[in-house]
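Single-structure report; data block below.
The values are calculated or read from the model by the stated rules, or taken from the named source; none is laboratory data. What you see is a predicted model; the values in this text were computed from it and never measured. Glycine gets a Cβ as well: all are built from the backbone with ideal geometry, and neighbour counts include every protein chain shown. Remember, those area values only see protein heavy atoms, side chains included, never the ligands or the DNA or RNA. Shrake-Rupley method; radii C 1.70, N 1.55, O 1.52, S 1.80 Å.
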Amino acid sequence: MEDFKQLISEFWVIKKNNREKYFKMKAIQPQIRKFVTEQLGWKIIANEHLIKIEKVPAYAEPYMGIKFFEEKMDYCIFCAVLIYLEDMSEGEQFLLSELISFIEMYLVEHIEVDWTKFVHRKSLVRVLKYCENISLVD
């Protein structure tokens, strides 16, 4: 039960960061899968790199945002970064200039991104720091 509480409270358990915890969670995952999906309506994601319970609330509340972000622009850039990273393999390196070009191209229809503005560059910095904090990028 304690392992289950840990899995719920953490965003994800990454194998390369904590192998012992990863294998412990992987071992209990089949036992809790039915309860998590049928009773809670959540989804367990388990692969060779991480284990995560995807907790999707019925309604969004103000406290559910990413506390590290300050502007709406942060969320927009974060979504673009996620889409950019989705097509990359694990450990693959990328150039910051390519990422910036992708963000501009992807967000052009939704929001103006002007890298000459300090607030836009600061949003990118917050997003990249957050991605590093949650081990999305190294």
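See the values below:
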| item | result |
| --- | --- |
| Separation of the A58 and K43 label points, Cα + 7 Å toward Cβ, nm | 2.0 nm |
| Relative contact order (%) - criterion: Cα under 8 Å, at least six apart; region: segment 1-96 | 22 percent |
| ³J(HN,Hα) computed for each position of segment 36-53 - Karplus, 6.51 cos²θ - 1.76 cosθ + 1.60, integer Hz, glycine/proline x | 4, 7, 7, 8, 9, x, 9, 10, 9, 10, 9, 9, 6, 10, 7, 10, 8, 9 |
| J(HN,Hα) series, segment 16-33, from Karplus relation 6.51 cos²θ - 1.76 cosθ + 1.60, nearest Hz, glycine and proline x | 6, 8, 8, 4, 4, 5, 4, 5, 5, 5, 5, 5, 8, 3, x, 6, 9, 4 |
| Cα centroid separation, segment 1-35 to segment 46-67 (Å) | 15 Å |
| I83 accessible area, assembled protein chains, probe 1.4 Å, Å² | 50 Å² |
| Carbon/sulfur fraction of accessible area - segment 1-74, other protein chains in place, 1.4 Å, % | 55 percent |
| Unit Cα scatterers, Debye sum, the chain: log10 I(q)/I(0) for q = 0.11, 0.14, 0.19 Å⁻¹ | -0.52, -0.79, -1.17 |
| J(HN,Hα) series, segment 114-129, from Karplus relation 6.51 cos²θ - 1.76 cosθ + 1.60, nearest Hz, glycine and proline x | 10, 6, 7, 8, 4, 5, 6, 5, 5, 4, 4, 4, 4, 5, 5, 5 |
| Sparse-neighbour loop sites [trypsin sites (Lys or Arg not before Pro); segment 56-138; at most 11 other C-beta within 10 Å; DSSP] | K67 |
| Shape call, segment 46-100: gyration tensor on alpha carbons, a/c limit 1.5 | oblate |
| E132 paired with I66, simple spin-label distance in nm, labels 7 Å along Cα-to-beta-carbon | 1.4 nm |
| Y63, Y75, Y130, reordered so the largest accessible area comes first (probe 1.4 Å) | Y63, Y75, Y130 |
| Rounded FRET efficiency, nearest 0.05, which uses the C-beta distance separating E109 from F35 and R0 of 35 Å | 0.25 |
| Probe 1.4 Å, accessible area per residue of the chain, Å² | 70 Å² |
| Largest-first principal axis extents of the Cα set of segment 1-80 (Å) | 40, 31, 21 |
| Segment 51-101: GluC sites (Glu not before Pro) in DSSP loop, at most 15 other beta carbons within 10 Å | E70, E71, E90, E92 |
| Out-of-range pairs (alpha-carbon distance over 26 Å; input K26/K122; K15/K55; K21/K122) | K26/K122; K21/K122 |
